[in-house]
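All remarks here apply to the structure that follows.
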Amino acid sequence: MALELKINRRSFLKAAGVTGAATFGYLSLNQPVIRALAQGNEAAGEEKWVSSVCIQCPAGCGTKVRVVNGRAVKIEGNPEHPYSNGKLCPKGYAGLQLLYDADRVKSPLKRTNPKKGQDEDPGFMPVTWDEALDDIAARLKKLREEGKSHTVAFLSGRNRGRAGAVWGTFTKLYGTPNNLGHSSICADASKKARMCIDGTDDYCAYDWENCNYVLNFGGSTLEAWRPTNLMLQRWAYMRRGRPVRAKQVMIDTRFSTTAIKADEWLPVRPGADGALALGIAHVILTGGLWDRNFVGDFKTKGRKFVTRETVAKEDFEEIWTSGLVDWWNNVLVNFTPDKAAEITGIPADRITRIAEEFATTKPAIAAGERGAGAHTNGTYNHMAIHALNALVGSMFATGGVMYQMGVPYASLSLKDDDYMDDTAKKADKEFKEHKLERADRAKSDEWPLASNVYQNIPDNHAKGEPYKLSVLFTYYTNPLFSMPNPQRAREAFKDVFIVETSSYLSETALYADYILPDNYYLERWQDDTVYASTGYPVAGLRVPAVKPVYNSRNSMEVIIDLGKRMGGKMGEYYNQLGSFENMLHEISKGFEKTPGDNGVSSFDSWAEKGAWYKKPYLYRFSGGKFYEWDGSGYNKEMKTTEEVKEEEKDGKKVKTTTIKDPVKDKLLKTKSGKFEFRSSKLEGLTDRQKEILKSELKSPEFFAYPHYEEPHFAGKEEGFPLHMSSPKMITHAEGRGANTQWLQERFGVVVGKGWTNWVELNPDKAEELGIRNGDEVWVESPIGKVKTIAVINPGNPPWMVVFPFEHGHWNYGRYAKGLGANPNEIMVNLSAVISAQSCTNATMVKVYRA
Amino acid sequence: MEYTKIEGKSIGFYGIIALFGILIAIGLFEFVQGMRFGQEDYGTSNIVPWGLPITAVIFLIGASAGALMLSSLTYVFGKEEYKPVSRISIFLAILLLIGALSTIEGELGRPERFMNLMIYGPQNLTSMFAVNTFLYGAYIILSIVYLWTTFRADLLKVTKILGAAAAALAIFVHAGTGSIFGFIVAKELWFSPLLPVLFIVAALTSGVALLILILTATFKFTGRSMDENLVVGLGKYLTAFLLLQLFLVFIENMVRIYGGIGGGEMTKFLFAGPYSFVFWGIQIFLGTIIPIAILFARKTMVTVQIASLLAVIGVFAERFSLVIPGQSVPPQQVVGRALMGFYGEPAIYSISGAEVAIILGVIGAIGILYLIGLRVIKLLPS
Amino acid sequence: MVRYGMVIDLDRCVGCAACAVACKAENSVTGSTPEDYKKRRLMEWNRVVTVFKGKYPNVSASIMPLICNHCEHPPCVKVCPVDATYKNEDGIVLQRYERCIGCKYCMVACPYQQRFFNFYDQVEKNKEEHRMEAEKYKTENGEVPVTLLEIPYHNPDVPPRIAGIVEKCTFCRHRLDKAKAEGKKIGSPDGVEPACTQACPAKTRTFGDLDDPDSEVSKLLRSRRNYQLRADLGTEPQVYYLD
Ligand SMILES: Nc1nc2c(c(=O)[nH]1)N[C@H]1C(S)=C(S)[C@@H](COP(=O)(O)OP(=O)(O)OC[C@H]3O[C@@H](n4cnc5c(=O)[nH]c(N)nc54)[C@H](O)[C@@H]3O)O[C@H]1N2
Ligand SMILES: Nc1nc2c(c(=O)[nH]1)N[C@H]1C(S)=C(S)[C@@H](COP(=O)(O)OP(=O)(O)OC[C@H]3O[C@@H](n4cnc5c(=O)[nH]c(N)nc54)[C@H](O)[C@@H]3O)O[C@H]1N2
Ligand code: SF4
Ligand code: SF4
Ligand code: SF4
Ligand code: SF4
Ligand code: SF4
Ligand SMILES: [Mo]
């Protein structure tokens, strides 16, 4: 016993870890030791809890990291962070295995084999940071001198907090329009749909706590969506945490976790969500169930819309919406539940009942994400879905939908505009004048409203349209893996000089000419403004919990360092800026003016608590009026005011009237300041733009309305019989995260399968195809086939093949490589009209035994 | 009746010793590997934690108990016609049990903690394993004393008492071994009051059959002539035991089919799963029906030998069908609702080289001890 | 007397498996490899499974987290030949790792498949795997990145388990001991909880003293219909489920 008690924690760890636990375990695993350790009464090692923010998925949950003797040993939710509330999703807890992944990139690497390809050994050679950055800077300078600065592109995925601004500044000062993001392969359809009809190009925030009815069109509440962890918490709260149990209706093409747990699952036909939403809208209008405070009413009280009868515009007075009668007369008048039933496969009486429940069980929310969006008609689907929120008066109402408020960071005293040299100014000007296009052609007449068209970059580059890329920086994105048909990128990017910042040997890293390994999120300083959810603003902060395990550096610091090496005005800017950490200190000064609810008012308190947030959400629609928070309640009505100013100008008195419409400025940012069932944004495009967009529509006459566009499915004409959808599982974050044992071994929570992905088949369908559970199968689409394992899921509809995302890595470390198959490799590259949303759910396949 | 030692000087003798030596070396090698690196190479899993070695253990214990019970024919019931083989039966019983214990030792995750069984076993006598540890100990000691008394003509009475006690203990030991399984409520194929009885009958079957095989071989090898009547007589017992065994297996499975705890998934697995050929093909057909048929048709030296061989195989298959399919189907957590995926699908146990090596080592050890015994102790009739 | 137990509200559970991963991290439970998985050697003290009924379109499923039930009449304790597995006076079924001989009898005896065997020594195995890698990345002064020679994230509060012994859920005994030593309250909702309970985003799990009528667990059990897994086996699980 004496021997055992002498062992203190430090030597315990050492003995346990290094000298092999075999002998140790036998001698001294007696309970007293454990007790002594647990009580920490001996010379226990240094232990601390450091605030950080998880960044595996875009939720941005605040975390607390337990660090013992300089090692991170546990990650938990930060109770101070309103998105995590002390909880995390499974990925959050597994972060330790990412941090200490033995296959991380351990130092800057330089490629020695100029040939690129999937089977090509890059011949990476470790280099110093100076060598790498000097070389890259020289290359960038040369391109600038040759007038080719625009051929340098920066491709980023998970830009958190100020990261987007850091890349933006670099591209701006360098002189390229190519600050490109991945939002088009993500979820732009829902954002752009909202932009078209209510003027805000963003994800919604939702007042789940107070909502009583949820109509969810393909938002994977319990497995993905955003912010996953908070969604899980809210779900449980809505079910059991309060007196009234909210009803959850899940509209999904598969029997997902959410569908399992929901009150009702509507197994909609792929791409038919818009039709379902329109059918519901039809019932709401014909049933007289719309919200009269928000939408308005017929002049004749009690009048309702009648199926197949148009309405005269002047008969109806709208309040906060516009275009309802046009929408009715053009789109909805014939869109009966029967018609919706025909398209969606959901019986008409069920649609009617759901519509009635939705409109009468207030507050209600209609929402959704990539399920409805990742189809060629995705943007219109989401317009139709979002329109339902207006019809039942949920916009900005208690228990309804809203938009996330920004964080009041202090702006930097240093203005990047002041440091643009001629090259930079020229590029900026040419881009604004449409003389210079972006490499992805977003903002061109083809894609006037899209933010990014990520998935088309390889084709554009291959064709040299608008031009060939010379250098590609990749930050937190993996184009060679995660986009549809990534084989295109694998071919096209062979002649591009690639600088990759990943800390992991991703597929893209295999093509890199330089890898500049980023710190892992537990090793770096970074702010994190969350994605929409609570409405009120939240800003988290990552504080390095441990020293970098390998020779890696925060990419933000690296890009600033690179800027310094560029010399000229650009270099001057970065010398002034100093470092990313400086930047964080400076922006956090904003908190001095607006202290957070948890007392965060400085950089130090921010770092200590890990999160700044300020409740409440400032706006509220109630009883037909919009109100603003005045410090004690929603008391200040947001009224349109006219301000008349009289000024002396050139000796004359000039009267200027400014109309201030706070609702239009802050909430309904459309041209009309109303929720538009007929989109002025779309109608306001140039004729050429409209012509191009309409040419892609099957119903161009409804161009400006939320309507049902018949979706296009790749492979349908070629006779591929089954719809493939490629959803996310709770256990992975997009294309990253396959390198943790703890997540891999429970990858499929519902189907009980680990270490691979699979295709889910309906039992009868499988029997018809002669496929048994666990059989190896080929999944084939018009562009190829991949091999994986069949899972017979009794809940799967017969027409669906569910093929989860994440596997099929041909790199990415020992725990990811060579497992399962990548559904993207058989996914045809299709983009939704308007938003350029890449269509993850629009490929059709056949499945047969391998 | 006179007993003698064997010469044990022929090339053949040393050849066989060397052969057994190699087996021991293989077994020891795997044993040490297991000590050093764990049982990674085993075919076992967290769903089927007990593999082939445990099958061998209960087979060996059964054969041992059977052999011991047989010796009582002579020493307790006075059937002198079996005297030529009775003393060696006791010796074999001891060796087989030592073999069983070695197999357990080889199968333990931490074999160096074997002594914990003695130290802490008494603290938990609800453990059939702990109880059996002491039964085995007592059994070996008693058997040795019993064997010793057979050398002493003056202790005939004592031999008779000890013989009876040993036979009774043998029944206990093997019923106890059966209880290791029979008391496990978690396993549909195990949890049964009939199991200890079945174990005893199977013990007798395998004991007689193995004895017949080993003794006829030994007699032949040492140039002794075996009395055909003796063998045919043993064959009669074998027939009876086989019939009894078949009957017990039949009613036990009838109960299972009729409906027992846990929804019958495991029974279905036994009858129709990937191991069903072991049950139907080897255990029932090859190992029970055929030998019964043979024995009914004709009982000669050769037919009894063949039937014995098949019966031994049959009993081993019976042990296998109990141990492996008995664990393969993950338990139902909610009755009547099948789990999906990893914890729902049956686990397939595949026999691993490492486990086979352990068993080979044990066979080697038994073999060498047997040969040495023949040479130093007067075991065989002259 | 204290008698710890857990109540799992399946209506709250969202099947996220955060509990399962949190348990792994807290108790430093060995992660599997694809080979381990194929060989069915997953170590899941806490796992989330799905049971289905019917098939499309008339299909329903329920997702349930499973852990050791800390049975009142634990078969695993009954069968352990060396008294390594025992029922603590606070109701927790625990194990003396240093005494376990690795006979796996408890594994076959547990009707819930809640015990796991260490087929190899993870630390040793990792060392083997990483040794060559480590040579490559030594710094000038001979230092090797921590990840390469050991498992750096091992929780120092729990003992590492060596090859050849069995392990299972301890109700996070180290947390409870620590809380006791520090005089902290134990039990949901405001006291110290096991890692899985604390981790659960849906607050599905409630941990506490079943003998204390005022504890949250007792209240829940009184207020709603509850059941135990395989109550027919007479094991009397101390983990209760609510539908
Ligand atoms: N666990 C986890 N969470 C994440 C992420 C992650 O990688 N992992 N990523 C985050 C990111 S970047 C995003 S963009 C969000 C995306 O969040 P979601 O959009 O919620 O997730 P997805 O899995 O892409 O797709 C959602 C669902 O759409 C269904 N679906 C497919 N086709 C149709 C259809 O035609 N109609 C309907 N109604 N449904 C259909 C799929 O079956 C799937 O269940 O998740 C975020 N949260
Ligand atoms: N089949 C299918 N495909 C999909 C989806 C789907 O549901 N199904 N979802 C789509 C969606 S919603 C999205 S958002 C996209 C995401 O697709 P991408 O934007 O390509 O994101 P990931 O695939 O996650 O790749 C992220 C990269 O970041 C690197 N990385 C990881 N950590 C760090 C770090 O700390 N620093 C740096 N600099 N890099 C790091 C990783 O190595 C990895 O290469 O995928 C889309 N693709
Ligand atoms: S929801 Fe996303 S950010 Fe939050 S813990 Fe999970 S992976 Fe991390
Ligand atoms: S669930 Fe299994 S391991 Fe846990 S106490 Fe009960 S029998 Fe023992
Ligand atoms: S494996 Fe260990 S804990 Fe389990 S019964 Fe055997 S000795 Fe006891
Ligand atoms: S109580 Fe602790 S040990 Fe048990 S499952 Fe939960 S986290 Fe794991
Ligand atoms: S963490 Fe909670 S909600 Fe998630 S699976 Fe576990 S018990 Fe269920
Ligand atoms: Mo995304």
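A few points about this structure:
- Selection from the stretch C:64-87 of residues that are facing chain B (nearest Cβ under 10 Å) and of a type in the set (K, R): C:K78
- Within the stretch A:53-71, considering residues that are more than 23 Å from A:A539 (Cα to Cα) and in contact with a Gly (Cβ under 8 Å, 6 or more places away or on another chain), the one nearest to ligand 1 (Cβ to nearest atom): A:V68
- Across the stretch A:456-472, not a single residue is classified as closer than 19 Å to A:R111 by Cα and out of contact with any strand residue (DSSP E or B) (no Cβ under 7 Å at 6 or more places or on another chain).
- C:L233 vs. criteria open to solvent by 10 Å² or more (accessible area, probe 1.4 Å), modelled with pLDDT under 95 and away from ligand 1 (no atom under 16 Å from the Cβ): yes
- Only one of A:A367, A:A442, A:A372 that is in the same structural domain as A:V166 (by TED's automatic domain parsing), open to solvent by less than 10 Å² (accessible area, probe 1.4 Å) and in contact (Cβ under 8 Å) with a residue 40 or more places away in the chain: A:A442
- Matching residues, the stretch A:710-728, being on the phi < 0 side of the Ramachandran plot, in a loop (DSSP other than H, G, I, E, B) and open to solvent by 10 Å² or more (accessible area, probe 1.4 Å): A:E710, A:P711, A:H712, A:F713, A:K716, A:E717, A:E718, A:F720, A:P721, A:P727, A:K728
- Just one of (1) in contact with a Leu (Cβ under 6 Å, 6 or more places away or on another chain); (2) buried (at least 24 other Cβ atoms within 10 Å of the Cβ) fails for C:Y97. It is (2).
- Scope the stretch A:473-492; condition in contact with a strand residue (DSSP E or B) (Cβ under 6 Å, 6 or more places away or on another chain) and more than 8 Å from ligand 2 (Cβ to nearest atom); matching residues: A:F473
- Unique residue being of a type in the set (A, V, I, L, M), over 27 Å from A:S838 (Cβ atoms) and either within 16 Å of ligand 8 (Cβ to nearest atom) or not in a loop (DSSP other than H, G, I, E, B) (or both) when the list is A:I260, A:I197: A:I260
- Some residue of the stretch C:47-63 being in a loop (DSSP other than H, G, I, E, B), more than 8 Å from chain A (Cβ to nearest Cβ) and farther than 22 Å from A:L99 by Cβ: no
- Residues of the stretch A:739-760 satisfying the condition of being open to solvent by 10 Å² or more (accessible area, probe 1.4 Å) and of a type in the set (G, A, S): A:G752
- Residues satisfying the stated conditions in the stretch A:648-685, i.e. touching a residue at least 40 places away in the same chain (Cβ under 8 Å), in a loop (DSSP other than H, G, I, E, B) and open to solvent by less than 70 Å² (accessible area, probe 1.4 Å): A:L667, A:L668, A:T670, A:S672, A:K674, A:F677, A:S679, A:L685
- Test: A:I351 is part of a loop (DSSP other than H, G, I, E, B), of a type in the set (A, V, I, L, M) and surrounded by 20 or more Cβ atoms within 10 Å (Cβ to Cβ): no
- Options C:G142, C:G183; residue that is more than 12 Å from ligand 6 (Cβ to nearest atom) and either modelled with pLDDT of 95 or more or not in a loop (DSSP other than H, G, I, E, B) (or both): C:G183
- Test: residue in the stretch A:510-523 that is within 30 Å of A:R620 (Cβ to Cβ), modelled with pLDDT of 95 or more, surrounded by 24 or more Cβ atoms within 10 Å (Cβ to Cβ) and of a type in the set (D, E, K, R): no
Yes or no, residue by residue, for (1) under 20 Å from B:L108 (Cα atoms); (2) out of contact with any Gly (no Cβ under 9 Å at 6 or more places or on another chain):
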residue	(1), (2)
C:A61	no, no
C:E72	no, no
C:D83	yes, no
C:Y86	yes, yes
C:R99	yes, yes
C:G102	yes, no
C:V108	yes, no
C:Y120	yes, no
C:E124	yes, no
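- Inspection of the stretch B:156-177 identifies at least one residue that is of a type in the set (K, R) and touching a residue at least 12 places away in the same chain (Cβ under 8 Å).
- Going through (1) at negative phi; (2) away from ligand 1 (no atom under 16 Å from the Cβ) one by one, A:G535 falls short only on (1).
- Only one of A:G748, A:G715, A:G795 that is touching a residue at least 40 places away in the same chain (Cβ under 8 Å), within 24 Å of A:Y848 (Cβ to Cβ), more than 14 Å from ligand 2 (Cβ to nearest atom) and not assigned by TED's automatic domain parsing to the domain that holds A:L819: A:G715
- Hits in the stretch B:4-39 - residues which are over 30 Å from B:L379 (Cα atoms) and open to solvent by 50 Å² or more (accessible area, probe 1.4 Å): B:F29, B:V32, B:M35, B:R36, B:F37
- Filter result for the condition that a residue is at the interface with chain A (Cβ under 7 Å from one of its Cβ atoms), modelled with pLDDT under 95 and either in contact with a Cys (Cβ under 9 Å, 6 or more places away or on another chain) or under 27 Å from C:C200 (Cα atoms) (or both), over C:S32, C:S28: C:S32
- Of the helices (runs of 4 or more DSSP H) contained entirely in the stretch B:1-115, those carrying at least 3 residues that are among the aromatic types (F, W, Y) fall at B:11-37.
- Answer residue from the stretch C:191-220, given it is away from chain A (no Cβ under 14 Å) and surrounded by 18 or more Cβ atoms within 10 Å (Cβ to Cβ) and is nearest to ligand 1 (Cβ to nearest atom) among those: C:F207
- Matching residues in the stretch A:271-289 - criterion: being part of a loop (DSSP other than H, G, I, E, B) and open to solvent by 10 Å² or more (accessible area, probe 1.4 Å): A:G287, A:G288, A:L289
- Any hit, the stretch A:255-270, residues being within 16 Å of ligand 2 (Cβ to nearest atom), at the interface with chain C (Cβ under 9 Å from one of its Cβ atoms) and among the polar types (S, T, N, Q): yes
- Take the conditions (1) within 14 Å of chain C (Cβ to nearest Cβ); (2) touching a Gly at 6+ places or on another chain (Cβ under 9 Å); (3) not charged (D, E, K, R); A:Y100 misses just one of them, which is (2).
- Considering residues of the stretch A:713-730 that are in contact with a Pro (Cβ under 8 Å, 6 or more places away or on another chain) and away from ligand 8 (no atom under 16 Å from the Cβ) only, the residue farthest from C:A22 (Cα to Cα): A:E718
The values are calculated or read from the model by the stated rules, or taken from the named source; none is laboratory data. Fair warning: this is a prediction, and the values are worked out from it, not measured in the lab. Because the Cβ atoms are built from the backbone with ideal geometry, glycine has one as well, and the counts that use them run over all protein chains shown. Areas reflect the complete protein model, heavy atoms only, side chains present, ligands, DNA and RNA absent. Shrake-Rupley method; radii C 1.70, N 1.55, O 1.52, S 1.80 Å.
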